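Report on the following structure.
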Amino acid sequence: MYPRLLGREFLRFSPEVQRILHQCQSPWDLLASQIVLLESAILTHGMPYPTNLEMAHQVQNIIRDRGAVPATVGIISGKLHIGLTDHDLAWLARPDTAKVKVSRRDLPAVLARGGHGGTTVAGTLLAARQTPWGSLPLFVTGGIGGVHRAGQNSMDVSADLVEMGRSSTTVISAGIKSILDIGRTLEYLETQGVCVGTLGETDDFPAFFTRKSGFRSPVHVRDERDMARLMATHHSLNLDSGILMSVPIPAADEATDVEEAIQQALALADEKGITGREVTPFVLGKVNELSQGASLKANLALIKNNARVGADIAVELAQLVRSSIQPKSHHLQLDRDKASTAETIQLRPMVVGGSILDLVTHIRDPVVSMDGSTHLGTVDFGYGGVGRNLADALALFDLNPMFISAVGADDLGRNMIEHNEKLDKSRVAILSDHRTAMYNIVLDCDGAVRLGVGDMSIHTQVSPSLIQEQLPRLEQCSMLVLDGNLPQESVNYLLQLDNASNVPVFYEPTDVRKSDKFLKSGVPSAVTYFSPNLKELFSATGSAYSYDDLNDCNASLYKAVDACVDMLTLLQVIIVTMGDDGVLIVRRGSAHEPLPLRNDPGSKSRSEFTISATHYPVRKICDAVSCSGAGDCLSAAFITSILNHHSQGQAVAAGIQAAALSLGQDMSVPTMLSRDIIDWQSEAKGRPIL
């Protein structure tokens with residue numbers, strides 16, 4: 001499964017958290033990140049000013065002093081921040097700052113109006129899932145919401161409980177707030193599949209202000225090391241529900257005399273008609289008043305204690321993950337039974353194509369007017385070029401590709417080739433008399449490409465002579481991958497060279513004007529795989545098409561199949577990307593046959609093979625940021641699946657997952673892309689067309 005992330009425009013990571021996430025290469029790295037999440041509703045609605053701000057700083061300092069990384073979650077000016085600065089904390093803590101208490105249901109409205117807010121447990125757990133590796137593993141709070149007293153009549157049940165059933169994050173708390181119905185809350189958590197436990201000397205479940213509630217926890221762990229083991233095991237099981245680990249308030253800080261104050265406060269709330277999310281802050285404030293500050297003192301003590309315990313768990317967990325042998329991934333495994341060691345280990349794919357600096361202009365206005373007027377939007381830059389994108393993604397999938405390309409001897413070129421440490425750049429030519437290629441892509445408010453302007457003259461320098469200098473013997477390649485940015489003579493040279501070998505060729509056309517270059521090579525049958533979109537397919541085959549052909553899924557499918565059938569006398573597999581309408585695979589043989597790992601040069605008669613056409617629909621990504629790299633990421637995952645002998649359905653499923661990750665980011669190839677983030681064993685379900 002791939003993660004479902006908020007749109008980039010609504011999400012902000014602090015520099016410290018961003019740096020840690022960039023260093024993560026797998027979900028296990030995230031587990032060892034030592035990030036400890038903190039909510040902000042306690043800051044905005046849980047304590048009086050300036051006690052709230054002092055508490056926030058003290059809790060963050062406790063976590064940092066014990067070797068972990070605090071990350072308070074909050075909403076400022078319509079952005080969900082994961083990691084707040086001192087200035088951010090001060091802004092949210094001030095009594096004159098207009099802010100709301102934000103749970104899952106409140107998030108769209110607060111973000112839409114650019115508001116400020118403190119996240120509840122539920123809101124913070126939603127934020128925890130906003131990383132490409134899954135949920136951040138650890139969240140420290142004071143106490144969670146629950147089933148309100150007489151909740152069996154009012155149906156007043158906190159969203160915290162539901163969210164814990166949706167999130168794999170572990171929540172550290174002092175139990176359930178004693179103003180709630182603790183017994184019914186524990187029953188509800190069991191229904192949600194949440195693992196509930198107590199960390200300490202006994203299995204007594206605490207009641208926030210006191211160490212015992214009269215209930216016992218189903219799970220008992222004695223110390224932070226045992227807790228780290230529990231979290232690592234929970235992570236290995238890939239459960240969608242989380243853990244609630246209760247930590248009793250220190251004995252010296254118990255507020256055992258607050259029950260009478262709680263009953264009075266609840267009665268007063270009922271009398272005043274206070275309901276919903278306003279109940280907890282009202283009751284806690286009134287309890288503090290009636291207890292003459294004893295409850296606030298206890299609240300401060302327990303949140304600091306939870307911070308100490310949470311930080312120690314984060315450090316123990318990181319040490320456990322880094323020192324132990326991680327469980328074998330259920331993801332990509334090299335298949336040594338079906339192929340020789342030389343094929344799967346020693347052979348490397350060779351990518352030959354363009355390296356381009358992409359300027360991504362994202363227009364926010366719903367209507368784009370080509371009349372010289374200024375549009376609101378953003379301008380970002382990233383590293384692209386179809387060949388470079390494919391090589392970049394294949395490197396992130398641990399295939400160690402060889403890459404032949406050319407860049408200018410300028411800062412842009414140098415930065416581009418150093419961008420991915422995993423990518424072998426030894427065959428990239430750095431040319432002092434040429435500029436690095438640049439491409440300005442213009443996206444509309446839906447993320448669709450509206451216009452592109454390219455400065456790509458350097459691609460002419462990726463000539464047969466340059467390729468000859470860098471190209472190893474083709475027998476050393478597991479696959480030859482070409483993009484349409486290459487000059488026609490270079491495409492001709494490579495395909496003629498490959499025609500005498502058994503190495504499969506994957507041709508990515510890049511755009512409609514370059515889609516037929518392999519057909520002009522004189523040896524088009526040297527190509528094994530062709531991966532066009534609909535426009536590129538129709539352009540390559542000379543098929544006339546209309547607007548309806550592109551926007552009606554059924555019309556597109558049958559017209560695309562007709563266009564592909566004749567090409568199969570030359571090619572073995574055609575992978576047609578259809579945007580929101582999914583992927584179409586038209587090939588020689590059945591969809592259940594292995595994907596070809598050998599070239600089969602020479603045209604075939606239509607009677608020499610059977611044909612299958614299978615359509616794989618996809619779930620639409622409504623909050624796509626950019627479509628520019630999705631096809632390249634899909635192709636890279638498909639190639640990885642081919643080289644590891646996966647089925648056609650598995651290759652398509654992997655490609656769809658990789659494309660979805662790209663759609664959610666402004667970079668063509670997201671840095672979080674990796675072997676471990678893709679479920680290589682899942683299989684896409686297709687609908688036969690032929």
Phi-derived 3J(HN,Hα) across segment 423-435 with the Karplus relation (6.51, -1.76, 1.60, θ = phi - 60°), rounded Hz, x for Gly and Pro, is 7, 6, 9, 5, 9, 8, 7, 10, 9, 6, 9, 9, 8
Sorted by chain and then number, the residues having a modelled amide H within less than 5 Å of the amide H of A406, at least 5 places away or on another chain, are S355, A429
Rounded to whole Å, √(5λ) for the Cα gyration tensor eigenvalues of the chain, largest first, gives 55, 25, 23
Rounded to the nearest Å, the spacing of the alpha-carbon centers of segment 345-401 and segment 472-535 is 21
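Please find the FRET efficiency linking K620 to E278, where r is the Cβ-Cβ separation and R0 is fixed at 22 Å, and quote it to the nearest 0.05. Write down the numbers at each step before the final one.
On the way: r = 37 Å, r/R0 = 1.70.
So, using R0 = 22 Å, E works out to roughly 0.05.
For a quick check: sort K559, K79 by the number of other beta carbons within 10 angstrom, fewest at the front. Walk me through the numbers before you get to the answer.
Details: K559 21, K79 15.
Exposure proxy ranking, most exposed first: K79, K559.
Say the cut-off is 29 Å between C-alpha atoms; which of K212/K297; K517/K685; K520/K620 go over it?
Table pairs above 29 Å Cα-Cα are K517/K685; K520/K620.
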Of all stretches in the chain that avoid GluC sites (Glu not before Pro) placed in a DSSP loop and having at most 14 other Cβ atoms within 10 Å, the longest is 422-690
Longest principal axis of the chain (C-alpha) makes with the long axis of helix 294-323 (C-alpha) an angle, in degrees to the nearest 10, of 30
Counting only residues 5 or more apart in sequence or on a different chain, those whose built amide H sits under 5 Å from that of K177 are I144
Nearest 10, in degrees from 0 to 90: the angle of helix 279-290 to the longest Cα principal axis of the chain is 30
The relative contact order of the chain, taking Cα pairs under 8 Å that sit 6 or more residues apart, comes to a percentage of 11
The answer for T72, listing residues at least 5 apart or on another chain whose modeled amide H is closer than 5 Å to its amide H, is L38, G83, L84
For K514, the lysines lying under 17 Å Cα to Cα, once residues fewer than eight places off in the same chain are dropped, come out as K535
Packing-ranked peptide list from 122-128, 582-588, highest mean Cβ count within 10 angstrom first, is 122-128, 582-588
Taking Cα atoms only, helix 553-567 is inclined relative to the longest principal axis of the chain by an angle, in degrees rounded to 10, of 40
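No value in this document is a laboratory result; all are computed from the given coordinates. As the structure is a computational prediction, the values presented were derived from the model and not from experiment. Reconstructed Cβ throughout: ideal geometry from the backbone, glycine too, with neighbour counts over all protein chains shown.
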